[in-house]
1. Out of the residues in region 132-145 that are of a type outside the set (Ser, Thr, Tyr) and open to solvent by 10 Å² or more (accessible area, probe 1.4 Å), which is nearest to Pro177 (Cα to Cα)?
2. Pull out all pairs, ordered by first then second residue, where Cβ-Cβ is under 7 Å, the residues are six or more apart or on different chains, the first lies in region 133-152 and is within 21 Å of Arg91 (Cα to Cα), and the second is surrounded by 20 or more Cβ atoms within 10 Å (Cβ to Cβ) and of a type in the set (Lys, Arg).
3. Within the group Asp118, Asp154, Asp160, Asp129, which residue is within 23 Å of Ala84 (Cα to Cα) and open to solvent by 40 Å² or more (accessible area, probe 1.4 Å)?
4. Among the strands (runs of 3 or more DSSP E) lying completely within region 91-169, list those that include at least 1 residues that are within 11 Å of the chain's Cα centre (by Cα) and of a type in the set (S, T, N, Q).
5. Looking only at region 167-183, which residues are aliphatic (A, V, I, L, M) and touching a Leu at 6+ places or on another chain (Cβ under 6 Å)?
Amino acid sequence: MRTLVAIATTIFAALLALHYQFETHRSEAKIYVQKGLFSPEDCAALIDAAEATNKWDAIEESQEYLPTTEVLVEELPPGARVSATYAATSRIFPALARHYGVAASTLALRDLYVVRYDASSPGLATHVDASALSFSVALNGGYGGGGLEFALLDETLAEDAGDAVLFPSRLLHRAAPVVSGARYALVGLVDVAG
């Protein structure tokens, strides 16, 4: 029964998002790419810290209808946890504030995690996020396929390591399937107070 409710909720959210995107505000997608927010060293350190936890499959997925292979940042070792959270709030929040016309002080992380897509978990189905704003920071290159796809765009955004894609969470999007290697990203869901 829980699965049926989750599926119905997903379908309803997707239909609302489709209506909002295609009928009302198609020209206002407001998807931004912010280059070089994380250094190659930052990216490698996050991947290493996530891999070292060995908790990829230990997470109880909060959205069971959208299973991913992820490690919550709160489960990283203390140094990596602080570094990732600080980087999100000090580098990404100002960019979100600038692009979306909100005060950085009104932004709060709802969720922050490192995700891995590979042969065992190649992508993520089309969905909307449960927050106001979202971001995805590419942590590596060297994989085949993959990237972030939006229903409104005719292209896959496969950014360089350290680049962030910022977008309103209501936009339908998916993680395109990885066909070789592994793709890592730092993903954040952000609420806006007031």
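1. So the residue we want is Gly145.
2. If the second residue must be surrounded by 20 or more Cβ atoms within 10 Å (Cβ to Cβ) and of a type in the set (Lys, Arg), the pairs left are Asn140/Arg183.
3. Values: Asp118 fails: open to solvent by 40 Å² or more (accessible area, probe 1.4 Å); Asp154 fails: within 23 Å of Ala84 (Cα to Cα); Asp129 fails: open to solvent by 40 Å² or more (accessible area, probe 1.4 Å).
So the residue among Asp118, Asp154, Asp160, Asp129 that is within 23 Å of Ala84 (Cα to Cα) and open to solvent by 40 Å² or more (accessible area, probe 1.4 Å) is Asp160.
4. Values: elements: 107-117, 124-127, 133-138, 148-150, 164-168.
In region 91-169, the matching strands (runs of 3 or more DSSP E) lie at 133-138.
5. Of region 167-183, the ones aliphatic (A, V, I, L, M) are 171-172, 175-176, 178-179, 182.
Selection gives Ala175 alone.
A quick yes/no check of all residues on (1) open to solvent by 30 Å² or more (accessible area, probe 1.4 Å); (2) under 20 Å from Leu157 (Cα atoms); (3) of a type in the set (Phe, Trp, Tyr); (4) at pLDDT 95 or above:
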{"position": "Tyr32", "(1), (2), (3), (4)": "yes, yes, yes, no"}
{"position": "Ala45", "(1), (2), (3), (4)": "yes, no, no, yes"}
{"position": "Asp48", "(1), (2), (3), (4)": "yes, no, no, yes"}
{"position": "Ala58", "(1), (2), (3), (4)": "yes, no, no, no"}
{"position": "Glu64", "(1), (2), (3), (4)": "yes, no, no, no"}
{"position": "Pro78", "(1), (2), (3), (4)": "yes, no, no, no"}
{"position": "Val82", "(1), (2), (3), (4)": "yes, no, no, no"}
{"position": "Val102", "(1), (2), (3), (4)": "yes, no, no, yes"}
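The values are calculated or read from the model by the stated rules, or taken from the named source; none is laboratory data. Predicted model only: the values in this text are computed from it and were never measured. Don't worry about glycine lacking a Cβ; one is built from the backbone with ideal geometry, like all the others, and counts go over all protein chains shown. Only protein heavy atoms, including side chains, enter the accessible area calculation; ligands, DNA and RNA are left aside. Shrake-Rupley method; radii C 1.70, N 1.55, O 1.52, S 1.80 Å.
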